[in-house]
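Reviewing the structure listed below.
The values are calculated or read from the model by the stated rules, or taken from the named source; none is laboratory data. Remember, it's a predicted structure, so these values are computed and weren't measured experimentally. Please note: Cβ atoms are built from the backbone with ideal geometry, for glycine as well, and neighbour counts cover all protein chains shown. Accessible surface is based on the protein model in full, side chains and every heavy atom, while ligands, DNA and RNA are left aside. Shrake-Rupley method; radii C 1.70, N 1.55, O 1.52, S 1.80 Å.
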Amino acid sequence: MDEVSVRDMTVEDVPAVSAVRVTGWKTAYAGMIPREFLDLMTVEADSEYRRSAFRSDSPVQNLVAERDGTVVGWAALGPCRDEGCTALDGEIYALYALPDAIGTGIGRALMRELLARADRAGFTTLRLWVLEANRRARRFYERAGFHADGGRSLWNIGRTSVPEVSYIRDLGDSGARPAAG
């Protein structure tokens, strides 16, 4: 298997990132969120949105994972958006790999870089939200040192509410440690 490299996303990466996100959602969330919602998702629409929202002055750090010069994963990190968070709390907003690249080290490479960047940003805790029914993602985050902290929320998708759970990882005084596995 060829090596994975992780770098900052550029606006030129938008179509590839949108392909990762849309195909990732349609695969990972099948049976968890309404099929009608997934069927309406297109790479073109996501690219249009993502291109208009992409700003280099944003506090959000967007990363891409590449293998053989092709974008195969995407992740985003920034300040925690939850009520009660402080400037020391970071949040992983997204972490996706192309469906056929799952289990090949893409997620682990992105997580290692997210943890390193969280450390450089001065975060002492890192948080994220994951669909309660997404057992695969929950196992991945648990192997990376995160644990469910009891937070729950309902994500409204059309007329459907999908339960999410909150995960947290203490980065400690010595900063982020590499992800396990």
Among 78, 69, 24, residue whose mean-square fluctuation peaks in a GNM of the chain (springs only between Cα atoms under 10 Å): 69
Residue-normalised accessible area of the stretch 8-145, expressed per residue, 1.4 Å probe, Å²: 50 Å²
Listed residues 153, 76, 128: farthest to the positive end of the dipole of the chain (Cβ charges): 153
Share of carbon and sulfur in the accessible heavy-atom surface of the stretch 42-181 [1.4 Å probe, %]: 48 percent
Cα-projected label distance for residue 155 with residue 41, points at 7 Å along beta-carbon direction, nm: 0.9 nm
Quotient of C-alpha Rg and 2.2 N^0.38 Å, computed over the stretch 44-104: 1.32
Computed over the chain: relative contact order in percent, which uses C-alpha pairs under 8 Å that are six or more apart: 21 percent
Dipole magnitude of the chain about its Cα centre (Cβ charges: Lys, Arg +1; Asp, Glu -1), debye to nearest 20: 440 debye
Paramagnetic reach from residue 11 (point 7 Å along Cα→Cβ, amide N under 14 Å) across the stretch 51-78: 51-58
Sites residue 81 and residue 139, calculated FRET efficiency, Cβ-Cβ separation with R0 35 Å, nearest 0.05: 0.90
Positive-pole candidate from 96, 110, 28, dipole of the chain, charges at beta carbon: 28
HN-Hα J in Hz across the stretch 112-119 - Karplus 6.51, -1.76, 1.60, θ = phi - 60°, x for Gly and Pro: 4, 5, 4, 5, 5, 6, 4, 4
Counting DSSP beta bridges with both ends in the chain, the antiparallel % (nearest 5): 90 percent
Length-normalised contact order of the stretch 1-76 in % [C-alpha pairs under 8 Å, at least 6 apart]: 48 percent
Label-to-label distance, nm, for residues given as residue 88 and residue 48 (7 Å Cα→Cβ offset): 4.5 nm
Most to least packed among 39-52, 135-148, 111-124 [average Cβ atoms within 10 Å]: 111-124, 135-148, 39-52
From phi via Karplus (6.51, -1.76, 1.60), per-residue ³J(HN,Hα) for the stretch 20-25 in Hz, x at Gly/Pro: 4, 5, 5, 5, x, 4
